[in-house]
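Okay, structure first, notes after.
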Amino acid sequence: METCKVMVSSGFGYAIIPDIVSTKAKIYRLQLRTKHGEPILRKSWMIYRKESLHLSLIKAFVIR
């Protein structure tokens, strides 16, 4: 993902990447929408151990 962001930032094209990856990048961002104007969203699933929730990296991806 980092390589992709650098290439886009350097003007080598465009990319479709998750919003969480592009938030700090200095690139133009556009929310994809359906022809009716609704945002295109994707659900993600993750299996984790409850003991892992003390790790900030895991906690950032878990929605309770």
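Structure notes:
- Count, lysine Cα pairs under 21 Å in the chain, 8 or more residues apart or across chains: 6
- The coefficient of translational diffusion for the chain, derived via Stokes-Einstein from the alpha carbon Kirkwood radius under 37 °C and 0.692 mPa s, stands at 229 µm²/s.
- For chymotrypsin sites (Phe, Trp or Tyr not before Pro), the sites in the chain that DSSP calls loop and that have at most 14 other Cβ atoms within 10 Å are F12, Y14, Y28, W45, Y48.
- Working from Cα pairs under 8 Å separated by at least six residues, relative contact order for the chain is 17 percent.
- Segment T34-L53, length gained on full extension (0.36 nm per residue, minus Cα span): 3.4 nm
Bear in mind that the values in this text are calculations on the coordinates, not laboratory data. Here the structure is a predicted model, which is why all the values come from computation and not from measurement. When we count neighbours, we look across all protein chains shown, and the Cβ atoms used for this are built from the backbone with ideal geometry, even at glycine.
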